[in-house]
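Single-structure report; data block below.
Since every read-out is calculated from the coordinates, none of them should be taken as a lab result. What you see is a predicted model, and the numbers here were worked out from it, not measured in a lab. We place every Cβ from the backbone using ideal geometry, glycine too, and count neighbours over all the protein chains shown.
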Ligand SMILES: Cc1cc2nc3c(=O)[nH]c(=O)nc-3n(C[C@H](O)[C@H](O)[C@H](O)COP(=O)(O)O)c2cc1C
């Protein structure tokens, strides 16, 4: 498995959904950075399950225990290690998935690759639960970036075909995003909650797109060709389970407009070079240009649904009907919003450390 990320910082994520614990190690972090534990817990609570009508009833506290790397509230330069103990598991719910893989989940590919030795309980290492340690690392990086004036915020841009107010790409409204259900328009938020409730009632699930903005980023972060900001962010965001596309700026719409519309013309504002539009999403040649960095990530509908579905019994070779037990989100998008922020924070902080070292 390849559960590590980063050039200057090195993040490793470990654990399985129903194992003893999940956790992370984060190496390469400078000494002397303050850690706001309360702020981190508030951030982790935004992802934790079982807190509202639109998420899985699996209730987990998601309280990290720090084992190393932080002394008296400051990083000490040693690798930071943290775990979250798994408390609310029902592994019996998953006993038949090695033989009868869930459509849309990783059960089949894991069975082929790990020859039956993988841990199927709760999705094992493929579970969305592994995004909790990602949020520990990302929550810390987010705090350290904020101290440098770099802020990250995300909202649900689309949910099952319904769109929220889009970010103003020149001045994204990250201060206006509510934390409980991260949607800018109150009316759309209500309608999105109804769509999720309808999917749950039908035994089905729905997907959506999360739009993320980074403000206060200096020009000059990122390295061509494969260390560019798009590559670094895409690599970590695609590591989030259920992500099917990542787009920067106007994304695929760039295919449908001429260069005269797509190019962001330069101007001077208060003595600083800016652009009049931000179609490129704040990145040119893989390098940040000082404008807000804007990207979006699309999540597919939750694979585990309550409706009977056809699968193959891999032991007998027979077609069979699968009825999925266990507790699942009818839509993972609301809980994935802080996860996308966390992934962005890790990628940006990694690039920031590199920029500082080479300046
Ligand atoms: C926060 C979060 C929670 C998730 N919860 C579930 C879940 O309850 N049930 C489920 O089947 N998939 C869930 N997933 C998605 C699966 O983990 C993912 O679809 C699966 O590992 C296959 O990977 P892939 O979709 O990237 O191919 C969740 C993903 C995230 C990010």
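Given R₀ = 51 Å, what would the calculated FRET efficiency be for residue 179 paired with residue 225, taking r from the Cβ atoms and rounding to 0.05? Walk me through the numbers before you get to the answer.
Working: r = 38 Å, r/R0 = 0.74.
Efficiency at R0 = 51 Å is approximately 0.85.
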Nearest 10 degrees, 0 to 90: what angle lies between the long axis of helix 131-146 and the longest principal axis of the chain (Cα atoms)? 10
C-alpha center-to-center spacing [segment 113-179, segment 26-51] in angstrom: 13
In degrees rounded to 10, the 0-90 angle between helix 186-201 Cα long axis and the longest Cα principal axis of the chain is 20
What is the helix-to-structure angle for 37-47, meaning the angle in degrees between its Cα long axis and the longest Cα principal axis of the chain, kept from 0 to 90 and rounded to the nearest 10? 60
Once all Cα-Cα distances of the chain are split into 10 Å bins that start at 0, what whole-number percent is in each one? 5, 24, 32, 25, 12, 3, 0, 0
Compute the distance in nm between two label points, each set 7 Å from the Cα along the Cα-to-Cβ direction, one at residue 7 and one at residue 310. 4.8
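Could you work out the relative contact order of the chain, using alpha carbon pairs under 8 angstrom and six or more residues apart, expressed as a whole percent?
Details: 750 pairs, mean separation 80.8, N = 359.
With pairs under 8 Å counted, the relative contact order is 23 percent.
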GNM of the chain, Cα pairs under 10 angstrom: of 260, 245, 288, the biggest fluctuation goes to 260
Counted neighbours (other Cβ, 10 Å), sorted fewest up, put 202, 8 in the order 202, 8
Report, in whole Å, the centroid distance computed from the Cα atoms of segment 70-90 and segment 240-289. 37
